[in-house]
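Single-structure report; data block below.
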Amino acid sequence: MIGYLKGKIRAINFESVVVEVGGVGYGVHMCVRDVANLKSGQEVELLISEAIREQSYDLYGFFEVSEQHIFDQLLKVSGVGPRIGLALLGIGQANDLFAAISSEDLSYLTRAPGVGKKLAEKMIIELRDKVPKLDPTYNNEQESGATIDAEAALISLGFKASDVKQMMDTVDKMLPVEDQIKQALKRN
């Protein structure tokens, strides 16, 4: 299983890149927004989700744990494939998607190509209890990206969103993601 790639961008297509790692080029599908910000020769570190089917083996790359987490959750919904998962991530940040599902915002979800009202409703029904519930007083300036990623990682490990909020209350928010996760797990 491939979970992480670190290497140089060797080719860029509309929705994918080729990442050279140790002389081997891996084709990785990514959100169009992320691909647009990459340059050939650039060093990248990507979190990888795999989609293995009878006739294909595809890699999907993400810069943030929260994006990988919501992508993996979306693929568990019948009717949502990797292309729709990436399209949903392409219309905003992972937290926007978490919030849209939690608040049952059909208009946000249907902005993604391939997502109609019925599919959006199905995603909401199947995922609203699985995605973290965002605090209505949430402010992007209060939490760093590292804290958001640490929370998403803890949720992906199976902790409930409400428990994660309590675990993260005592964590030093200035630490890198890995250290925040370690602190949260030690205090649990």
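Go through region 83-93 residue by residue and tally those that are surrounded by fewer than 23 Cβ atoms within 10 Å (Cβ to Cβ) and farther than 17 Å from GLU126 by Cβ. Walk me through how you get there before you give the answer.
Narrowing region 83-93 to residues surrounded by fewer than 23 Cβ atoms within 10 Å (Cβ to Cβ): 83-84, 87, 90-93.
Those left that are additionally farther than 17 Å from GLU126 by Cβ: 83, 87, 90-93.
Result for region 83-93: 6.
Rundown of residues vs (1) of a type in the set (Val, Ile, Thr); (2) modelled with pLDDT under 90; (3) in a helix (DSSP H, G or I), yes/no style:
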{"site": "VAL77", "(1), (2), (3)": "yes, no, no"}
{"site": "ARG83", "(1), (2), (3)": "no, no, yes"}
{"site": "LEU86", "(1), (2), (3)": "no, no, yes"}
{"site": "GLY92", "(1), (2), (3)": "no, yes, no"}
{"site": "ASP96", "(1), (2), (3)": "no, yes, yes"}
{"site": "LYS122", "(1), (2), (3)": "no, no, yes"}
{"site": "ILE125", "(1), (2), (3)": "yes, yes, yes"}
{"site": "LYS130", "(1), (2), (3)": "no, yes, no"}
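Report, by residue number, each residue of region 8-29 that is charged (D, E, K, R), assigned to a strand (DSSP E or B) and touching a residue at least 24 places away in the same chain (Cβ under 8 Å). Let's see the steps before the verdict.
Within region 8-29, the first condition is being charged (D, E, K, R), and the residues that meet it are 8, 10, 15, 20.
After this cut, where a residue has to be assigned to a strand (DSSP E or B) as well, the list is 8, 10, 20.
LYS8, ARG10, listed by residue number.
May I ask you to verify whether PHE62 is aromatic (Phe, Trp, Tyr) and within 14 Å of the chain's Cα centre (by Cα)? Show your work before the answer.
On the way: aromatic (Phe, Trp, Tyr): yes; within 14 Å of the chain's Cα centre (by Cα): yes.
Spelling it out, PHE62 is indeed aromatic (Phe, Trp, Tyr) and within 14 Å of the chain's Cα centre (by Cα).
Would you confirm whether any residue within region 30-43 is in contact with an Asp or Glu (Cβ under 7 Å, 6 or more places away or on another chain) and assigned to a helix (DSSP H, G or I)?
Yes: one or more hits.
Kindly check whether there is at least one residue in region 85-100 that is in contact (Cβ under 8 Å) with a residue 24 or more places away in the chain, of a type in the set (Asp, Glu) and out of contact with any Leu (no Cβ under 6 Å at 6 or more places or on another chain).
Looking for residues that are in contact (Cβ under 8 Å) with a residue 24 or more places away in the chain, of a type in the set (Asp, Glu) and out of contact with any Leu (no Cβ under 6 Å at 6 or more places or on another chain), one finds none in region 85-100, hence no.
The values are calculated or read from the model by the stated rules, or taken from the named source; none is laboratory data. None of these values were measured; they are calculated from a predicted model. Cβ sites come from the backbone with ideal geometry, for glycine too, and all protein chains shown count toward neighbours.
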